[in-house]
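Report on the structure given below.
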Amino acid sequence: MRTWLLGGVVAALCGLQVASAQGSKLFIQAELLKSVKAKKAKVGDVVKARVVQAVTLPDGTTIAQDTTLVGEVRAADEKSLAISFDQAQIKGKTTPVKLSIRSAMMPGEAPAAATRPGDATSSLDAATPGNRPIHGAAPSTKKVTETEPPGSASSGGAVAAQTGSIIGMPGVTLEVDEGPQHASKFLSADKELQLKSGLQLMLAVVE
C-alpha cells in the first residue's frame, strides 16, 4: 500500500529547495518513467518523466496530464546524477521548455501501524505513484505558481535555492542548479545512487 506525504512535509518539499529570482515560479509535477542507475548512466542519456497534473505555460501552451517530458543526464558518477529537462512531447510534436528540478519525493510503503492524525506521514489512500498530484488535488488544467515558496519563513522576497533531502530516499540530497543548464544534482552519501521509476519530481519552468 502506497502512502503520500502531506502537510508540513509537502511544504518542505516545495519550499526549501525552490528559488525565485523574480518572486514567482510556475511548477510542473512529473513522475520518472524509467529507473536511472548512476553507475551505468552516461552524459547525454535520455531521461523521461510523465506529467502528473496539467499546467498552462505563460505563452498559453498547455502541457496536458500524461505528457512526456524529455531530459538528459548532464553529469554522472556512482554516487551522483545531474539531470535537466528541456523538451515536452505535445500531440506528437517536440516543444522546447526549460525545466529545473527543485524537489523530489519517492512514495514509500505504508507503515504497519497507523500514524496519529496530523502526522506528515499519515497515509492518504492506496494510490499508486502518479495517480494523485503531490498536493492531493484532482488533476486539472491550470497555472500552478508560487509567489512565495510554501513553508518559507520570510514574509516577503525570494528564497534562495539550497540543498535539501529527498523524501523517501534516505541519505540522498538534491542540489539545485541555477546555472545555464539547470542540471540539478542528486547525491548519495553512502551508496550507489539509483533514481527509481515513480520518483515524483517538482520542476520549475525556467523563463
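Since every read-out is calculated from the coordinates, none of them should be taken as a lab result. Predicted model, so just to flag it, every value in this text is computed and none were measured. Cβ coordinates were reconstructed from backbone atoms using ideal geometry, including for glycine residues, and neighbour counts include every protein chain displayed.
Across the stretch 45-90, Cα-Cα pairs more than 14 Å apart make up 54 percent of the total.
Which entries of K39/K98; K25/K185; K93/K191 have Cα-Cα distances beyond 30 Å here? Write out the running numbers ahead of the final one.
Details: K39/K98 26 Å; K25/K185 20 Å; K93/K191 39 Å.
Result: K93/K191 exceed 30 Å.
Taking amide H as placed 1.01 Å from N in the peptide plane, K79 has its amide H under 5 Å from the amide H of L193, each at least 5 places away in sequence or on another chain. In plain terms, the chain from L33 to D86 could stretch by 17.5 nm, reckoned as 0.36 nm per residue minus the Cα-Cα distance. Distance between the modelled labels on A75 and K196, one decimal in nanometres: 2.7 nm (7 Å Cα→Cβ projection).
Database remark: amide H of A54 closer than 5 angstrom to the amide H of Q65, S140 (H placed geometrically; neighbours at sequence offset of 5 or more, or on other chains; Pro and chain starts carry no H).
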